[in-house]
Each structure stands twice: as structure tokens, then as C-alpha cells.
1. Hull surface divided by four, with the convex hull built on the Cα atoms of the stretch 442-483: how many nm²?
2. For Asp362, list long-range residues whose amide hydrogen, built 1.01 Å from N in the peptide plane, is under 5 Å from its own amide hydrogen.
3. Summarise the accessible area of the chain (1.4 Å probe, protein heavy atoms) by the percent that is carbon and sulfur.
4. Would you mind telling me the antiparallel percentage of the DSSP bridges in the stretch 40-259, rounded to 5?
5. Based on alpha-carbon atoms only, what is the radius of gyration of the stretch 403-454 relative to the globular estimate 2.2 N^0.38 Å?
6. Please report, for the Cα atoms of the chain, the Rg to one decimal and the Dmax as a whole number; what are they, in angstrom?
7. If each of Glu467 and Ala17 carries a label point 7 Å out from its Cα toward its Cβ, how far apart are those two points in nm?
8. Would you mind calculating the gained length between Gln382 and Arg47 on full extension (0.36 nm times residue separation, minus the Cα-Cα distance), in nm to one decimal?
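The values are calculated or read from the model by the stated rules, or taken from the named source; none is laboratory data. These numbers come from a predicted model, not from an experiment. Neighbour counts run over all protein chains shown; Cβ positions are idealised from the backbone, glycine included. What goes into the accessible areas is simple: the full protein's heavy atoms, side chains included, and nothing from ligands, DNA or RNA. Shrake-Rupley method; radii C 1.70, N 1.55, O 1.52, S 1.80 Å.
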Amino acid sequence: MTVLASALDTGGPDYTAHRAAMLDKLAALDAEHAKALAGGGEKYTARHRKRGKLLARERIELLVDPDSPFLELSPLAAWGSDYTVGASLVTGIGVVEGVECLITANDPTVRGGASNPWTLKKALRANEIAYANRLPVISLVESGGADLPSQKEIFIPGGALFRDLTRLSAAGIPTVAVVFGNSTAGGAYVPGMSDHAVMIRERSKVFLGGPPLVKMATGEESDDESLGGAEMHARTSGLADHYAVDEADAIRQARRIVARLNHRKAHPDPAQAEPPTYDPEELLGIVPGDLKTPFDPREVIARIVDGSDFDEFKPLYGTSLTTGWARLHGYPVGILANAQGVLFSAESQKAAQFIQLANQRDIPLVFLHNTTGYMVGKEYEQGGIIKHGAMMINAVSNSKVPHLSVLMGASYGAGHYGMCGRAYDPRFLFAWPSAKSAVMGPQQLAGVLSIVARASAAAKGQPYDDEADAGLRALVEAQIESESLPMFLSGRLYDDGVIDPRDTRTVLGLCLSAIHTAPVEGARGGFGVFRM
Ligand code: COA
């Protein structure tokens, strides 16, 4: 065994201060998560209940196996926008009849469950996850369709939702729609494009156009039931495969559908794994409040991997990036973790080599971010930092093993890319409340802007107003800082959620389990040209 040693002084002032700072951030995060849970608020929740209906998360709770976890994704979607936190849609991974499924549920308490631009992003991300990991999709539908005032943002790109459903089906990934209420216009294509459709007596309303629209279009008088009720679809149109008498019955039938899917994981679940030797609770006290102070990522690794057992690769070379092999809930993983923040040429080359090794051996990769980016300056440019960084980015881009990214601290500049940032398609990406991500740090960015403005004034022979410059710098700094924070980034769907550091092992374990539903196969070659 190669169990990591820990130098974390859990009685010391640094640990106490880091822990306090992290707990503050977690409290703020809890308050935002509570907004997502509250959905459309008391009034609409009470009205929904009075109609005898279950809330979106209650439907999910009944759908998944008793006492099994539900990994909710992007609960902060739409944070910082004009729309309700959560984006009127709940998405996540849950186990139904022993099968890991991607579940989505409209929240009808938020503007009738209508889809706004953030709902669309969240739904498309859910489809992407289902496709990459071969997870059956269960859609719990009750939605007013497109959020009409923002239709220009969603109508055209929104077609991808229905396209995805049929592409999933074509790839042999099952899709199940359970319609709890409205599913009109485009929404009708959710049951329409799904492999299996369940509808509920006197509840489901599935039609291309409701009675008023039909009256406008053709003059025909009609009613909800004859146009799109469950009875009609089960007996006459044939769109409903299953007729349920109430919500609980519909959920029971959805569970039976999944039980009969014969959906098998590509890789069997590993045997019960040993927990880390160190207490994951201590993850709260590792990241400093000020990200300029470095921390040893081995302290994090020691608290997330099985038995705290880690075989480090090239520990003496490129020491600002820690690389090595471990198991996480029994799954083999290769870990790349930033140690000193900056990535130099040696770190980049080491990363490229390590990523190739993981691909040769079909081992998923975990990226633990705390980087300020690739090193700048004459010495480093002359030493080929661009080509070496490019080498790492090439390896990350063309690697075929699943990637998991966790933003623990800084994730700035091209370092975010090299460490498999969002644009590099990690299967899942989560942030800790301590994370920050932007093109560069706020002070640096404000400083660069100021230098550029000063030079521009000088070139025009104009005087430079130093007082105005100081004010502007402060303003820019504050703006960039707020735009670097995890809630802001999560609101824009740049991650799959902000998590409590203590949950990292559990969350990554759930993701690895979901990932192994699809075959895990690395790239044998197939990388771009590596500049040497
Ligand atoms: N876009 C924007 N806002 C919508 C909306 C939509 N598609 N659907 C509902 N809302 C709003 C309502 O205006 C209402 O706002 P308010 O409470 O501030 O007045 C709120 O959401 C709740 O709607 P309400 O009609 O009271 O809820 P309900 O549960 O009784 O009915 C629907 C829900 C979806 C059946 C009904 O709102 C509806 O028919 N909406 C339009 C559906 C449609 O034609 N969509 C176009 C599809 S492309």
C-alpha cells in the first residue's frame, strides 16, 4: 500500500480559518439551493397541492428506488438571471429498478413549468449526459411549453430537445415520458418522440394546439379531453402506451417499464471499496480563503480516494502538477491535481504523457483544479510554454477516457482548458464554493485594462486621468470577481453543480458508476500533432 501521509494540522489556526471561510460559503450556497427547492414559491406550491398534485421532487422521490441517492444536477441554473433559480426544471441521476437513469421533471409551480433559455440549456445538458453515459431518460412532464416572452431565445435552438430524444432512441438508449399535466405544442413531442409514454386520467393534456388555438385555426369547437386527454390517447390516437389512474399509478407504471428494459451496464459494479483513511470532514479546512496561498492537493486526494492510497507518477518532475493512480469507490482513476497554481512546460509535458497512459489503460481521469494558468514571461516563452501547453490541451481534447473535473480553487486562463474545463467535455464538472474561474484574476484583468488604456492615451498624446483610472480599476475588479464565483458560473450552466467538499467522494463515485453504464475505452493514438 502507498497510503498518503498528511501534514494537515487540524488543530492549527490556518485549518480553523480555512474551515470557517468554507462554512460561510456553504451557508450562502444553502440559501441559494433553498430558492431552487422553493420553486415558484408558497402561493403556486399551495395551489398545485390543492389540485391534488405532487411537486417535481416528490415525483422523483417516488420514482427512484427507496433509500437510493438522487444526484441532482445544476440546481442553481438561472442564478443571477431574471428567471427563478433552478430554471423550472429538476434534472439528475437516480436509480429506478436498479437501473441508473437520467431523470428530468418540469416544475409546474414556476410559470406553469414553462421553459426559458436556462431551462433549455439545462435540459440539453441532461440529454448530453444521458447520451455520453448511455443512461435511460425518464421525463416527468408538466409544462406550459415555451416561456412565451422569451420565445426568440428558445424556439429555434429548442428543436434540439426533440431531436435528442430520437437520437437517444436510435442509439439504443431508452426514453420514457410520464405526462402529469400540460404537454402542449412542442411539448407534445416529448411523449411523441419517447420510446414509452404514460398518461394519467383527467390530468394529461397532450395536443399540438389547445381548444382556443384550434378555434382560431379552423373554427372547430373542442375540449381538452377530446383533443389530448389520457383516455383519448390510450384508446383512440394510440400515443399513450400506458393509462394510469393517478400520479402514483403513473410512477408505478414507469418503474415497471424500466424494470423490463433489459438495460445492462457495460461494466459490472466494483466490490465494496475501502473509505479514505482520513476524515472527509477535514476537506473543509484545506483550501485557503485567499487563493493566492497554495495548498497541497495530496491532502484532498487523501480524503477522497479509497484507502487514501495513491501511486504518484513522476513526483520529482513538474512538481506543480501532481499526477497519479488511485481507486475511487472501487473504480480505477488517474488524477491530475494542480499543486502550486502555475503550469510550466514540465507540468504540461507530464500531463500529456499521463493522459496518454490513462488512455492506453482505459482509466478515467479526475482533474482537481487550482491553477492560475500557464506561466508567462520571457524565459518561459523562450522555453516553449505555448507548444507545451498546446501539447497538454491536445492530449485532453483527444483523450477518449471519461473525464471528471472538480474546481477546488482557481481555474484561470488556458489552465482551465488544459485541466479539462467545461468546453473540453468532461463527463461531469463540479465546483467547490471556494472555486473561481475567469480568463484571469480580477486584479490582473483590471491592471491589464488600465495599462492598455494608459498606452492608448499616450499614443494619442492625451493626458491620462489617474483618479478615474483607480475608480475604473476598482469597478472592473468587483465585476470580474463577481463573475468568477461558482454561483454565477453555475447559474450559466458552466458546471453541473456547486458541491460541499465533503461530498466530493460520494458525488464522484455516483458519477463514475453512471459513467460505467457505457463502455470505458481510451484512445489508442488519434491525438493531434504533438509539437515537440
Ligand atoms: N410562458 C410564459 N408564462 C407562462 C406560460 C408560458 N408558456 N405558461 C404559464 N405562464 C405563466 C402564467 O402567465 C401565470 O403567470 P401569473 O401567475 O404571473 O399570472 C403563471 O405562469 C401560472 O400560469 P397559470 O395559467 O395560472 O397556471 P395553470 O397551472 O393554471 O396552467 C398552463 C398552466 C401551462 C396550462 C397554462 O398557463 C397555459 O396554458 N399556458 C400557455 C401554454 C401554451 O400555449 N404554451 C405555448 C407552447 S409553445
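1. One quarter of the hull surface, i.e. the mean projection, equals 2.6 nm².
2. Amide H neighbours of Asp362, under 5 Å, 5+ apart: Gly522.
3. Ligands and nucleic acids excluded, carbon and sulfur give 55 percent.
4. 40 percent
5. On the way: Rg = 13.2 Å, N = 52, 2.2 N^0.38 = 9.9 Å.
Dividing the Cα radius of gyration by 2.2 N^0.38 Å gives 1.33.
6. Answer for the chain, Rg first and Dmax second: 25.3, 81 Å.
7. It works out to 3.6 nm between the two label points.
8. 113.9 nm
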